[in-house]
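The structure under discussion appears below in the form of structure tokens.
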Amino acid sequence: MKGLQELDERKMKILKAIIQNYLETGEPVGSRTISKYSDLKLSSATIRNEMSDLEELGYIIQPHTSAGRIPSDAGYRLYVDELMKSKDREVTEMKEFMIQKVDKMEMLLKQVAKILASNTNYATMITSPRFNQNKLKFIQLSQMDAAHILAVIVVDGNIVKNRIINTDGELDNETMLKLNMLLNTCLNGLTLEDINLGIISKLKFQAGEHGEIVEHVLDAVAEAIHIDEDLEIYTSGATNIFKYPELSSGGTASELISALEEKQQLIDFVTDTVSDEDSHGIQVYIGNETSVRTMKDCSVVTATYELEEGVQGTIGIIGPKRMDYEHVVNTLKTLKAQLDAIYKKT
């Protein structure tokens, strides 16, 4: 049989169309069926010629006279290898993109905190985006070695998580392809809450002898969707506190600066208070209304920014109770409206 290098792009498209149609229908595929694929834009005669070449190369076979063609083992092998290579490239490119995106986002958020502190003359904070109600976008399983499978799981926000799953033995590419198709068909677009016992039972039943692998994948999906990474908070303008006598006297200033530098109290405040759905939009917390003990002499004004559906963060301005609320609220409204546009350009 001739090698892969002898298949040009057109033949490869026709072979993929034959295999995909056969997978869907289980019936031999003729040239007229393939000609209906809009992206091919080829006549039936041209397709028949190409199918003859594919048959000669051993990638498709004619089960009986006057019937359409079905994929041969070699055709399936070529299809699976190309599919896995394509998905490997897709995941690699996505990882590289997200590394760049995260680096740019960190720089952007630090700059926003700095500009906000300069504009208001108060201390400021801004959190990294948090991903709420994460939905599963894509799963790719690939064999690492005879005893391990790599599960690449992509969730909302294009966050990529890798998990290694132990297996009793090596799986062939056809089995891996079937598992990938099964998992993506059943799980794509679902949140963790959507993946109920009925879906789990169906997946394990359809996976047959590989039900245990599916169970391990589902555990990995649950872990990936429940992303519980440390919340990043960027602060600026801590020294602005010294501009206000009521905050710079005694130990108040040092406690405030410590809270801004150590950030754990701010993380607790954002997690416990601002993250509530009722606290979205612009909120004002005066004195003891905040859960941060060291800010009892301060006012904190917060706004929730949204980069895309389910991807949110918090901006906060910390100053004396006599802060210029009108200026602060207007500044936050403007920034809240602009941040999404800024993000899309990074």
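The values are calculated or read from the model by the stated rules, or taken from the named source; none is laboratory data. Note that the coordinates shown come from a computational prediction; the quantities given were computed from them, not determined experimentally. Cβ sites come from the backbone with ideal geometry, for glycine too, and all protein chains shown count toward neighbours.
Some observations on this one:
- Restricting attention to the range 46-74 and to residues that are hydrophobic (A, V, I, L, M, F, W, C) and at pLDDT below 85, the residue that is nearest to Glu174 (Cα to Cα) turns out to be Ala74.
- Comparison of Glu170, Glu209 shows that the only residue that is of a type in the set (D, E, K, R) and touching a residue at least 12 places away in the same chain (Cβ under 8 Å) is Glu170.
- Taken residue by residue, the range 187-195 has at least one member that is at pLDDT 85 or above and under 26 Å from Tyr76 (Cα atoms).
- Complete set of residues in the range 2-22 that are at pLDDT below 85 and either surrounded by fewer than 10 Cβ atoms within 10 Å (Cβ to Cβ) or in a helix (DSSP H, G or I) (or both): Gly3, Leu4, Gln5, Glu6, Glu9, Gln20, Asn21, Tyr22
- Those helices (runs of 4 or more DSSP H) of the range 236-346 in which 3 or more residues are modelled with pLDDT under 90 and among the small types (Gly, Ala, Ser) occupy 252-262.
- Residues satisfying the stated conditions in the range 152-166, i.e. over 20 Å from Ser201 (Cα atoms) and touching a residue at least 40 places away in the same chain (Cβ under 8 Å): Val152, Ile153, Val154, Val155, Asp156, Gly157, Asn158, Ile159, Val160, Lys161, Arg163, Asn166
- Scanning the range 23-75 for residues that are under 18 Å from Arg10 (Cα atoms) and part of a loop (DSSP other than H, G, I, E, B) returns Gly30, Lys36, Tyr37, Ser38, Asp39, Leu40, Lys41, Leu42, Ser43, Gly58, Tyr59.
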